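The values are calculated or read from the model by the stated rules, or taken from the named source; none is laboratory data. The structure displayed is predicted, hence computed values, not measured ones. Note: ideal-geometry Cβ built from the backbone for every residue, glycine included; neighbour counts use all protein chains shown.
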Amino acid sequence: MKVLAEKRLANGKVIKVVMGDITEETTDAIVNAANSHLKHGGGVAGAIVRKGGRIIQEESDKIGYCPVGKAVYTTGGNLKAKYVIHAVGPKWGEGDEENKLRNAVRSALEVATELNLSSVAIPAISTGIFGYPKREGTKVILEEVYKFLKERETGLKEVHLTNIDEETSMLFVEHINNMEG
């Protein structure tokens, strides 16, 4: 895990860009880029279940479904994180993708707030197999995290934008360096 950039808000809350394996994060929760049926086979979702154990998929099966733009949670199984927040982002080309991605990020942060968590790690939701362009997707995710931490009453003190690939991580760094205040 390597912190590439950090942005401290006026209210003391921190956004960090972290390059590394999200399943190794020590935040209270990690966010999974999930599909609506909460079947965690590939990408980040598959890695989370492989590392965290079958219990994550079993708990997801009990929940059954989560609409695009929303988030639900399960325990973290064998992960260092206590919880996995499953956020369902849009597939590129389905329409209204930006609003759906913003809603998914906001919903994940709302779940973290409801669970009284102080830290959460979020991957670049929808920018993998769902095809959302990385440059635009990372910007939308960062904007939504920033807005939530700045405007909402939340116990969250730290949000990590955690990705294993350099391209995505560097896009987050670029966007965070271009942010105001």
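A few remarks follow.
- Subset of region 28-44 (residues that are within 16 Å of Ala108 (Cβ to Cβ) and in contact with a helix residue (DSSP H, G or I) (Cβ under 9 Å, 6 or more places away or on another chain)): Asp28, Ala29, Ile30, Val31, Asn32, Ala33, Ala34, Asn35, Leu38, His40, Val44
- Residue pairs whose Cβ atoms lie under 8 Å apart, separated by 6 or more positions or on different chains, with the first residue in region 1-15 and without any contact (Cβ under 8 Å) to a residue 24 or more places away in the chain and the second in a loop (DSSP other than H, G, I, E, B), are Lys2/Gly20.
- Just one of the listed residues (Val31, Val44) is in contact (Cβ under 8 Å) with a residue 60 or more places away in the chain, hydrophobic (A, V, I, L, M, F, W, C) and part of a helix (DSSP H, G or I), namely Val44.
- Which numbered condition Glu167 fails, given (1) part of a loop (DSSP other than H, G, I, E, B); (2) modelled with pLDDT of 95 or more; (3) surrounded by fewer than 21 Cβ atoms within 10 Å (Cβ to Cβ): (1)
- Failed item, numbered, when Val49 is tested on (1) among the aliphatic types (A, V, I, L, M); (2) more than 19 Å from Leu156 (Cβ to Cβ); (3) in contact with a strand residue (DSSP E or B) (Cβ under 6 Å, 6 or more places away or on another chain): (3)
- Subset of region 126-160 (residues that are surrounded by fewer than 17 Cβ atoms within 10 Å (Cβ to Cβ) and either of a type in the set (D, E, K, R) or under 16 Å from Gly69 (Cβ atoms) (or both)): Arg135, Glu136, Glu143, Lys147, Lys150, Glu151, Arg152, Glu153, Lys157
- Failed criterion for Glu97 (all others in (1) closer than 21 Å to Phe172 by Cβ; (2) out of contact with any Pro (no Cβ under 8 Å at 6 or more places or on another chain) hold): (2)
- Region 20-60, residues that are among the hydrophobic types (A, V, I, L, M, F, W, C) and under 22 Å from Phe148 (Cα atoms): Ile22, Ala29, Ile30, Val31, Ala33, Ala34
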